[in-house]
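Visitor: Below: one structure in structure tokens.
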Amino acid sequence: MGQQQAIIAEPEELEESAVLVGKVEDFKVSKRMRTTVNDKEVVIFHHLGTFHALDLRCYHAGGPLHLGEIEDINGQACIVCPWHKYKIVLENGEGLYQGVDPKDPKRSKKWFSKGRKQRTHKVTVKDGNVYVMLSDPNMKCDSDFFAKEKFNDEVCPDPV
């Protein structure tokens, strides 16, 4: 099975508020980057040829999403928070949970949406550089609570 090549569109023009966060080659090994954009901590993932940016801290309890694993859930790439295993769709910040529909006679587990919980940001690639533009702060997201102040390892320790 051959390796999948990343297809990255080069836009004509960058938006004024876009901030340079690195080069495409910076993502070759780790496939992710933790950084700060205009005083906001974000994580950028490069998964299957597409870049995704989200608030760094999980909407549930402030877990460090840059340490999570990416899983495919119903054809959607999701980051799994390393603290409490919350699933977040990379594309749109939607929170997913597994449950049983009480009307289903088989009572089989299915994935359901909690709606958009994690703030996502726009990523643009131009001339081999990766830029992030923060989303509209007037649109509220659950992850905003943990983005208000900078967390450190003493406030939110990584689980052992």
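The values are calculated or read from the model by the stated rules, or taken from the named source; none is laboratory data. Please read all numbers here as calculations on a predicted model, not as lab measurements. Here the Cβ is made from the backbone with ideal geometry for all residues, glycine too, and neighbour counts use every protein chain on show. Only protein heavy atoms, including side chains, enter the accessible area calculation; ligands, DNA and RNA are left aside. Shrake-Rupley method; radii C 1.70, N 1.55, O 1.52, S 1.80 Å.
Visitor: Here is a list: Asp142, Asp104. Which entry is part of a loop (DSSP other than H, G, I, E, B) and over 17 Å from the mean Cα position of the chain (by Cα)?
Guide: Asp104
Visitor: Read through the list (1) open to solvent by 40 Å² or more (accessible area, probe 1.4 Å); (2) touching a strand residue (DSSP E or B) at 6+ places or on another chain (Cβ under 8 Å), then give the number of the only condition that Val89 fails.
Guide: (1)
Visitor: Looking at (1) open to solvent by 40 Å² or more (accessible area, probe 1.4 Å); (2) assigned to a loop (DSSP other than H, G, I, E, B), find the lone condition where Trp111 falls short.
Guide: So Trp111 meets the others, but not (2).
Visitor: Search region 45-54 for residues being open to solvent by 20 Å² or more (accessible area, probe 1.4 Å) and hydrophobic (A, V, I, L, M, F, W, C), and hand back the single one that is modelled with the highest pLDDT.
Guide: By that ranking, first place goes to Phe51.
Visitor: Just one of His121, His84 is over 11 Å from the mean Cα position of the chain (by Cα) and either crowded, with 18+ Cβ neighbours inside 10 Å or part of a loop (DSSP other than H, G, I, E, B) (or both); which is it?
Guide: The unique qualifying residue is His84.
Visitor: What's the number of the condition Cys78 fails, among (1) surrounded by fewer than 19 Cβ atoms within 10 Å (Cβ to Cβ); (2) under 27 Å from Val29 (Cα atoms)?
Guide: Just one mismatch for Cys78, condition (1).
Visitor: So, one more: Could you tell me which residue of region 92-101 is modelled with the lowest pLDDT, considering only residues that are more than 13 Å from the chain's Cα centre (by Cα) and surrounded by 12 or more Cβ atoms within 10 Å (Cβ to Cβ)?
Guide: The selected residue is Asp101.
Visitor: Still on this structure: Enumerate the strands (runs of 3 or more DSSP E) found wholly within region 11-54, keeping only those where 1 or more residues are under 10 Å from Val130 (Cα atoms) and touching a Phe, Trp or Tyr at 6+ places or on another chain (Cβ under 7 Å).
Guide: By residue number, 19-23, 40-47.
Visitor: Which residues, counting only those in region 55-72, are under 14 Å from Ser30 (Cα atoms), open to solvent by 50 Å² or more (accessible area, probe 1.4 Å) and not in a strand (DSSP E or B)?
Guide: Leu67 - this is the single residue of region 55-72 that is under 14 Å from Ser30 (Cα atoms), open to solvent by 50 Å² or more (accessible area, probe 1.4 Å) and not in a strand (DSSP E or B).
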